[in-house]
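See below for the structure under consideration.
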Amino acid sequence: MKTNSSICHGCSIGCGLYLVESEEGEKRKVLHRTTSPMNEGKLCRFGTDLHTYYERETMINSVDGKEVKQDEAIKAAKESLKGMKPEELAFIALPGTITNEEIVSFLSLAAEFGCENVSFGFERFFGVVPEEAAYIIEKGLPFSEVDGASKIILFFLDPFVHYPLLARRILKAKKNGAKVIEVSFAKNERGIADETVLVVPTEVERIKEKKELFEDSLIIGELTPYTNPQLLSFMLWLNASTASRLFLLKPFLNSTGAFLLGKDSGRKDLFEILEGVEKGEIKALYLLETDLAGAMLGGEGVAETTSKLDLLIEQNAFRTHFDTAGITICSEPFFMKKGTVVNVEGRVLEIGGESEKGLQIMESIGKGRKYEEVHEEAKKRLGLGDSEINEFEIAVKREERKFEVAEPKIEKEEGGGAGEEYFLWYKTNPFFWNGIRAKNFVEISPVAMKELGLFRGDEVEIAQGEQKERIGFKISDLPQNLVLSEAKLAIKPLQGLLTRVETRRAE
Amino acid sequence: MEEVKAKMSRYYLAWAKDDAIRKKGANGGFVTATLVSALEADFIDVALVVKKKSVYEGIPVLTNDPEEIKESSGSLHCVPLNLTKYVVEYAAKKRIGLPTKPCDARGIIEQAKRRQASLENVYMIGLNCGATLHPLRMREIAAYYGLDPDSVVREEIKEGKIFLVSDEEGKEKEKWMKIDELEEKGYGRRDACKSCVTKIPTMADLACGNWGSNDEKKTFVDVLTDKGETLFKNAVDSGYVAIEEAPGKGIETRQRIDAGMQKRAASWKEKMDALKALSRSERFEFYVDALKNCIHCGACKEVCPVCACEEDAKCTGLYDERDSYAISMYNLVRIFHLMDSCIHCGQCEDVCPVDIPLTLIQRRFSERMQRHLGYTPGMDVTKKPPLYETELRWSAEAE
Amino acid sequence: MRKRLAEEEWEPKILAFCCNWCSYAGADAAGLERRQVPPTIRVIRVMCSGRIDPAFVLMGLLEGADAVLVTGCHIGDCHYVNANYKTRNRYEFLKEFVDELGLEPERLWLSWISASEGSLFAEMVRDVTEKIKKIGPSPLRREWKK
Ligand SMILES: Cc1cc2nc3c(=O)[nH]c(=O)nc-3n(C[C@H](O)[C@H](O)[C@H](O)COP(=O)(O)OP(=O)(O)OC[C@H]3O[C@@H](n4cnc5c(N)ncnc54)[C@H](O)[C@@H]3O)c2cc1C
Ligand code: SF4
Ligand code: SF4
Ligand code: SF4
Ligand code: FES
């Protein structure tokens, strides 16, 4: 039995835990690590089951579908990358399981091939955020700030679902006398808020009328690749025009690391890259520990798009949802890694493993530096100085600054089909981004159940144009025309906050 | 070499003969020396001990390396760990020796009743237990003492006080305060420990502690079972452990402290029972309100030392995420199933990500049932959990 | 909410688990003989009262039953050796459970009814219905805002 300290990679909180292994390294189990300050020994369901995600099928080393030795796959990757024009290349890494050291190495690899199309999933927001406000999307806040807040606004965020380990901090704040206000399409089913500002899907703009509610508050929201940029500018505007602070949680563990380390590099938005692939402008893709088809909504579409590539290189510890990759290179699972990440609070955390494999793969394709060198560079660029890494310290601090943003407009929903009109609201959770379909149902209102003629055990069909999904349902206290989904459906969200969908009883 | 008398008396003071073990041990290293000698004499295949990572942190280690056992000596009061599931999952087929706080021993006995472990194979060296603290609460105490939590190098609990020693740039600083005083200010032991009335592990094979000992480096040992006697004799005969008979005064002192602790625990229990003064319908509201926060992570079931179910259990199997019940089947079934068997160890609450007061809830439901049944779980492996019985025998008190 | 329901002429829902050999036959007889069995009753037949997992009772309550009746053969008459002793045992647990949870004790009943005791069954249902009418709907019952 071996007990190793580790970090959960389920979301940007980075809960501490132990992975216990039997001698043979086979039977793994998660043990709660009471000493970790992020989570005090508690874990959400993703963390509790973390060991099972390490039991997935591992990636093979392959070239053109043939299994090869790792060296050969690496060599093939190097050769093929050399053969491409820089503008035809793109590098993507959703920073869920990658260390600061790997990010440094990844960026220099891209630079070495002259590639400026690097995405960590959040580039679409760069245009929306003024330079002085960049710190808000880059860095979060220590949880102690939540504990001590006197007014908390949950901005379209259900802490129990999105970030369960945040929920207890909000409950704690409430015990300390905080007032909790939620701004949402539906009332929180657990009643965590003292007050609800219920937003009608077609009238999101009207939140502006409630601006004074945001005075002296801590606004907590979420930033994911799918966050509507207009919603982000809305949050920034609320923040800028009231005395408040804005705390954005992110789904990927090392989002903060990726933001800070990738600051001065050539970047391109994830969705633009995919468009470029679609148009044939981008011909080669290097995916670092990113199961794009597993993570994105409407994953099948993503797989279809990437099949148009001349070259797809995947570096991953586990098999992904793609089976079209030209070159696959097997790296180590997250818990085995040597390296650091920065969580949303700004704590620098050590993963706890020994392996440098993933880093070495990139270094073999590129410059070939040692771990220490890359580690030092990461520390320097994060501004960490020489002090020892201590999980109890908020090493990456943020400073509040004043900034201005223009009053944003939220565009009205367009499109939608005939038939009954419903709005689909994705409620993301830690399972969402890890290629796992956590739920097999959507939530609808009791009125909708009646209107659609549904009975217990029935399924609903949700459709948006060509895209369709058949799925079970649950009754919740929701506005009549809202369909809430924690499941990843084959329906891509439209530009709006919500997606207009047709909903009917599945025959 | 001391001879263990043919007919053993029950109480001894004992310590490791090896100076290094004696010095490093909490109270003379008896426990450590006994484990090492049991391994050497082939009574056990492995030992399960708690290895120190820092003052605040210890991890369970399953080992057959005497050096590792020696490295793991000493008491860690900030490690609120229950060892039961490690015995079940990693050493079910092995002969194992381990230190057990009362809740460890009780968990193991409940698992044995459910055929997940065989007591024949498990040597339980009981440790008296006044309490454990959550490590982060201990850090808060350090800060309250005016010490830098990161530089605390030693902690000790004795005579009802918590001692912390910090080493700030080579200078040692010691601070202490009475537990009672700390707890009045909201610092202190885990809630489950505060209200735990089982302080001496009489259900284990040996019960060890400093209560009743007249020397910090001698452990007071209570030999409780034949297995305990075997272990003890072997430790002495093999030359690992030195003993003397416990003085009568020590025996009395130990009893007196134990009784005092039990009384304090009982009064904490009263004090912490937020439901005591509530009416029936208020109680209902309380339960619905507390349990609605559950995110069904399953951690409480996973860590519960008396639950022997695999992943597919009744509580998980009957829970359907699509149900919109006022309280979930998962919670109701779990509470119901533990009515006869909950040992009030608080492990579930320690891991609950939304801080549901699970110890209190489980205790409210189980304690009244256990009282009616005159049944205390985890004490006697021959007593079947009453829920499995065909006919109930009610306690005299309930009649 | 409970008040509003009462205003709407709420009728109690009573769930009875009946064993195939005795109490179900009893319930059946009660129906056949056209005794006054109130329409509040919903019967679930099980082969033996020993099959009534306490979880079934809990689920019945969560599904909105205002009371649950656990019924079976008289002690000594169970067709599966001694299974109804176990039923009695589980009932004792359930009783404590329901009480601690904050439900009224009237929401849970245990009764032994033989095949020939149809009238007893009818009487029991009438009796329970009356009692439940007095205490009102179960707080576990969830009503949705329309
Ligand atoms: C949390 C705790 C509270 C205690 N409270 C009291 C008390 O109030 N009164 C009293 O008389 N005695 C108490 N003891 C027992 C006492 O501290 C000594 O452990 C005992 O006297 C044996 O001393 P030793 O030198 O022989 O043990 P050692 O040779 O030092 O061996 C101690 C063994 O305990 C293991 N251990 C350490 N921490 C833990 C833990 N948290 N959980 C499980 N195992 C652990 C170690 O791995 C080691 O194997 C307590 C012990 C613990 C661990
Ligand atoms: S997914 Fe996030 S909240 Fe859940 S255990 Fe992992 S890091 Fe913690
Ligand atoms: S239910 Fe909780 S308190 Fe009771 S035995 Fe299980 S873990 Fe311990
Ligand atoms: S630990 Fe808490 S949140 Fe998780 S299942 Fe148990 S009660 Fe629910
Ligand atoms: S057969 Fe009727 S109770 Fe068992």
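Numbers at a glance
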read-out: Some residue of the range B:360-367 being surrounded by fewer than 16 Cβ atoms within 10 Å (Cβ to Cβ) and either in contact with a Phe, Trp or Tyr (Cβ under 7 Å, 6 or more places away or on another chain) or assigned to a loop (DSSP other than H, G, I, E, B) (or both); value: no
read-out: Hits in the range A:145-198 - residues which are β-branched (Val, Ile, Thr), under 26 Å from A:Thr48 (Cα atoms) and more than 13 Å from every other protein chain (Cβ to nearest Cβ); value: A:Val146
read-out: Members of the range C:64-80 that are surrounded by fewer than 16 Cβ atoms within 10 Å (Cβ to Cβ) and more than 8 Å from ligand 5 (Cβ to nearest atom); value: C:His74, C:Ile75, C:Gly76
read-out: Residue under evaluation A:Lys357, criteria (1) in contact (Cβ under 8 Å) with a residue 24 or more places away in the chain; (2) over 18 Å from A:Lys338 (Cβ atoms), criterion not met; value: (2)
read-out: Helices (runs of 4 or more DSSP H) within the range B:233-310 that include 1 or more residues more than 14 Å from chain C (Cβ to nearest Cβ) and within 16 Å of ligand 4 (Cβ to nearest atom); value: B:299-303
read-out: Residue in the range A:178-188 that is of a type in the set (S, T, N, Q), within 30 Å of A:Met84 (Cβ to Cβ) and not in a loop (DSSP other than H, G, I, E, B) present; value: no
read-out: Of the criteria (1) in contact (Cβ under 8 Å) with a residue 24 or more places away in the chain; (2) out of contact with any Pro (no Cβ under 6 Å at 6 or more places or on another chain), which one A:Phe120 fails; value: (2)
read-out: Yes/no for C:Ala29 being in contact (Cβ under 8 Å) with a residue 40 or more places away in the chain, touching a Gly at 6+ places or on another chain (Cβ under 9 Å) and within 16 Å of ligand 5 (Cβ to nearest atom); value: yes
read-out: Failed condition for A:Lys69, given (1) without any contact (Cβ under 8 Å) to a residue 12 or more places away in the chain; (2) within 14 Å of chain B (Cβ to nearest Cβ); value: (2)
read-out: Residue in the range A:24-47 that is within 14 Å of chain B (Cβ to nearest Cβ), in contact with a strand residue (DSSP E or B) (Cβ under 9 Å, 6 or more places away or on another chain), surrounded by 24 or more Cβ atoms within 10 Å (Cβ to Cβ) and part of a helix (DSSP H, G or I) present; value: yes
read-out: Flag for B:Asp350 being surrounded by fewer than 22 Cβ atoms within 10 Å (Cβ to Cβ) and facing another protein chain (nearest Cβ under 9 Å); value: no
read-out: Lone qualifier among A:Ala167, A:Ala134 - being in a helix (DSSP H, G or I), aliphatic (A, V, I, L, M) and surrounded by fewer than 22 Cβ atoms within 10 Å (Cβ to Cβ); value: A:Ala134
read-out: A:Leu232, sole failed condition from (1) under 25 Å from A:Pro493 (Cβ atoms); (2) modelled with pLDDT of 95 or more; value: (2)
read-out: Residue that is away from chain A (no Cβ under 14 Å), touching an Asp or Glu at 6+ places or on another chain (Cβ under 8 Å) and small (Gly, Ala, Ser), where the choices are B:Gly126, B:Gly97, B:Gly74; value: B:Gly126
read-out: Selection count, the range B:369-387, where residues are over 17 Å from the mean Cα position of the chain (by Cα) and surrounded by fewer than 16 Cβ atoms within 10 Å (Cβ to Cβ); value: 5
read-out: Whichever residue in the range C:35-60 is in a loop (DSSP other than H, G, I, E, B) and within 11 Å of ligand 5 (Cβ to nearest atom) and, among such residues, is surrounded by the most Cβ atoms within 10 Å (Cβ to Cβ); value: C:Ile52
read-out: Filter result (part of a loop (DSSP other than H, G, I, E, B), crowded, with 16+ Cβ neighbours inside 10 Å and of a type in the set (Val, Ile, Thr)) within the range A:57-88; value: A:Val68
read-out: Pairs with Cβ under 8 Å, 6+ apart, first in the range B:132-144 and facing another protein chain (nearest Cβ under 8 Å), second of a type in the set (Asp, Glu) and not in a helix (DSSP H, G or I); value: B:His134/A:Glu40; B:Pro135/B:Glu57; B:Leu136/A:Glu40
read-out: Top-ranked residue of the range C:112-128 - restricted to ones that are crowded, with 21+ Cβ neighbours inside 10 Å and closer than 14 Å to C:Leu69 by Cα, ranked as farthest from the other protein chains (Cβ to nearest Cβ); value: C:Ala122
read-out: Whichever residue in the range A:1-19 is in contact with a Leu (Cβ under 6 Å, 6 or more places away or on another chain) and facing chain B (nearest Cβ under 8 Å) and, among such residues, is farthest from ligand 5 (Cβ to nearest atom); value: A:Tyr18
read-out: Residues being among the small types (Gly, Ala, Ser) and within 16 Å of ligand 1 (Cβ to nearest atom) - total across the range B:109-165; value: 4
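The rows are residues; the columns are (1) in contact with a Lys or Arg (Cβ under 7 Å, 6 or more places away or on another chain); (2) within 13 Å of chain A (Cβ to nearest Cβ).
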{"site": "B:Asp312", "(1), (2)": "no, no"}
{"site": "B:Glu321", "(1), (2)": "yes, yes"}
{"site": "B:Ile327", "(1), (2)": "no, yes"}
{"site": "B:Ile335", "(1), (2)": "no, no"}
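Residues are listed down the side, and each one gets a yes or a no for (1) under 23 Å from the mean Cα position of the chain (by Cα); (2) at pLDDT 90 or above; (3) within 30 Å of B:Leu136 (Cα to Cα); (4) not small (Gly, Ala, Ser):
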| residue | (1), (2), (3), (4) |
| --- | --- |
| A:Asn343 | yes, yes, yes, yes |
| A:Val348 | yes, yes, yes, yes |
| A:Gly352 | yes, yes, yes, no |
| A:Arg401 | no, yes, no, yes |
| A:Gly415 | no, no, no, no |
| A:Gly419 | no, no, no, no |
| A:Leu424 | yes, yes, no, yes |
| A:Trp433 | yes, no, no, yes |
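The values are calculated or read from the model by the stated rules, or taken from the named source; none is laboratory data. All of these numbers come straight from a predicted model, not from anything done at the bench. Cβ atoms come from the backbone with ideal geometry, glycine included; neighbour counts cover every protein chain shown.
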